[in-house]
Amino acid sequence: NDFAFRCGQVRRVRLSDSSVETVAGCGARASWDGPALAAAFAFPYGLAWDPASDTLVLSEWDAHRIRRVCPTSGQVWTIAGSGERGWRDGTGATAAFNEPCLLAVGESGMLLVADSRNAAVRCVSFPDGPLPPLNSSQRARRDLRDRAHVATLAGSPYRPLSADRAPAPPRGPSRRDS
């Protein structure tokens, strides 16, 4: 199986029989959690498969969030991101991203996020253990966002990465400023 985005929907492409089906997303350009086919995505960008939890993880460029799609339970939940553009580490509910794009899933379900406008690599981890199975309860949704922890691994909006991936030197006043 391969997964792809089309018009705010997550699609599963089965190469064996060339079939395509919608796994999540109603097609609206918004950011709603809930049942997979009623959920909405605001310009989904990055997509990664988490084999430990058997779920898809995706980034939303316009909503500044990291979301989780469970094809077996048919649920979509926000893992991290307040929905406001910014740069803030902390719990999943209070963390802020600025146009998150590419994702990678590491060991034990740790997520690496390329936070594009913050010029940073961010980590979303679950210190209490791996991601729990998704269900439709609001309590489970809150617990998931409360368990997630977001931390910056490299870069910042104040010291963007240079071409060699090392932090760029701070800018001093130019000759024009003096």
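About the centre of its Cα atoms, region 58-111 shows a dipole size close to 120 debye [charges on the beta carbon of Lys, Arg (+1) and Asp, Glu (-1) only; nearest 20 debye].
With a 1.4 Å probe rolled over the protein heavy atoms of all chains, the accessible area of D50, D17 falls in the order D17, D50, largest first.
The heavy atoms of W49 present about 100 square angstrom of accessible area, all protein chains included, probe 1.4 Å. Each of F126, F43, F3, F97 has its accessible area taken with a 1.4 Å probe; listed largest first, they run F43, F3, F126, F97.
For region 21-77, the solvent-accessible area works out to 36 Å² per residue, with a probe of 1.4 Å and every protein chain left in place.
Using only side-chain charges placed at the Cβ, +1 for Lys and Arg and -1 for Asp and Glu, the dipole size of region 1-56 relative to its Cα centre rounds to 240 debye. Accessible area per residue was computed with a 1.4 Å probe on protein heavy atoms; L56 scores about 0 Å². Taken about its Cα centre, region 1-139 carries a charge dipole of about 300 debye when Lys and Arg each add +1 at the Cβ and Asp and Glu each add -1 at the Cβ.
The values are calculated or read from the model by the stated rules, or taken from the named source; none is laboratory data. Predicted, not measured: the structure shown is a model, and the values here were computed from it. Reconstructed Cβ throughout: ideal geometry from the backbone, glycine too, with neighbour counts over all protein chains shown. Protein only, heavy atoms only, side chains kept; ligands, DNA and RNA dropped before computing areas. Shrake-Rupley method; radii C 1.70, N 1.55, O 1.52, S 1.80 Å.
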